[in-house]
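Enquirer: Mind looking over this structure? Questions follow.
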Amino acid sequence: MKALGWIVGLVVLLIVGIGVYVVMNSGALLERAMESYGSEYLGARVSVGGVDVSYTEGSAAVAELVIDNPRGFSGPPAFRLGNLSATLDAQQISSELVVLKNVAIDGAEINVLAQGKETNLQRLLDHLNAQIGANEQAEETGVESEVKLIIDRFSFTNARASVDSDLLGTASVTLPDISLSDIGRASNGATVGEVLKQIMQPIVRAVSRQLVGEGVDLEGARDRLEENLRERAGDALGEGLKSLGDRLRGDR
């Protein structure tokens, strides 16, 4: 009986020790998870300054979340998120599904870098879509699926965006506030990648609309560039054919 008592005592101590470790390091664990998942899905380095978790309120505050530029783009980071906070729904949490009652991002800075026909934001979205597709295929082959998320309310406020284009120069705009609801609710949960897509797409669209409103039309500039290139190519081809005809006729 004494031996059994010691074993039970050791098991209790081990469980308590694990619990203390998780509590003391949950911020660091969440920070690493955000950096790992974000970098994988976006194809660019994601870094977090720190995470403060409050168990009594079921909330977390993230400081200085930065999304760097994808490969091929250099300059200020694509996203620098100001204050990010989230509140957990403690009644709806399991190993398969986590429900967040509220996620708020306030004071974000977005830097659009445009190189010819491409932008850093579109490159991030393209990688995100490709990664979502790859993960869906992996799940179909029997790979363990990741935890799903539902966000009841999402708000994106007091954000600013700047653009640095090799065609149009530089400009900056203030973005309208964005509010989303029931992210992942219709499908009873969405993967981290799907949630990122549902959040990033309206933000990128808002940036584009505001820039167009300020006279910075990246799509139009790209179209004009392509049209000019086609015209130049046509002119060069016409001149070349004329020169060839002159030579065949013996003209100089």
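The values are calculated or read from the model by the stated rules, or taken from the named source; none is laboratory data. Note that the coordinates shown come from a computational prediction; the quantities given were computed from them, not determined experimentally. Positions of Cβ are generated from backbone atoms using ideal geometry, with glycine treated the same way; all protein chains shown enter the neighbour counts. With ligands, DNA and RNA removed, areas are computed over all heavy atoms of the protein, side chains included. Shrake-Rupley method; radii C 1.70, N 1.55, O 1.52, S 1.80 Å.
Enquirer: Can you give me the relative contact order of the range 58-210 as a percent, contacts being Cα pairs under 8 Å and 6 or more apart?
Expert: Dividing the mean separation by the residue count of the range 58-210 yields 21 percent.
Enquirer: Between the range 120-134 and the range 158-193, what's the alpha-carbon centroid distance in Å?
Expert: Distance between centres, Cα-based: 15 Å.
Enquirer: Could you sort the peptides 185-194, 116-125 by per-residue average Cβ neighbour count (10 Å cutoff), highest mean leading?
Expert: Result, highest mean first: 116-125, 185-194.
Enquirer: At a probe size of 1.4 Å, how large is the accessible area of Val48, to the nearest 10 Å²?
Expert: 10
Enquirer: Between Arg209 and Glu64, what FRET efficiency comes out of the Förster formula 1/(1 + (r/R0)^6) with R0 = 41 Å and r the beta carbon distance, rounded to 0.05?
Expert: 0.90
Enquirer: Per 0.36 nm of contour for each residue apart, how much would the distance between Ser179 and Thr56 grow if the chain were fully extended, relative to their Cα-Cα spacing?
Expert: 41.6 nm
Enquirer: While we're on this one: Mind checking the range 35-80 for chymotrypsin sites (Phe, Trp or Tyr not before Pro) that DSSP puts in a loop (not H, G, I, E or B) and that have at most 16 other Cβ atoms within 10 Å?
Expert: For chymotrypsin sites (Phe, Trp or Tyr not before Pro) across the range 35-80 that sit outside H, G, I, E and B with at most 16 neighbouring Cβ atoms in 10 Å, the list reads Tyr55.
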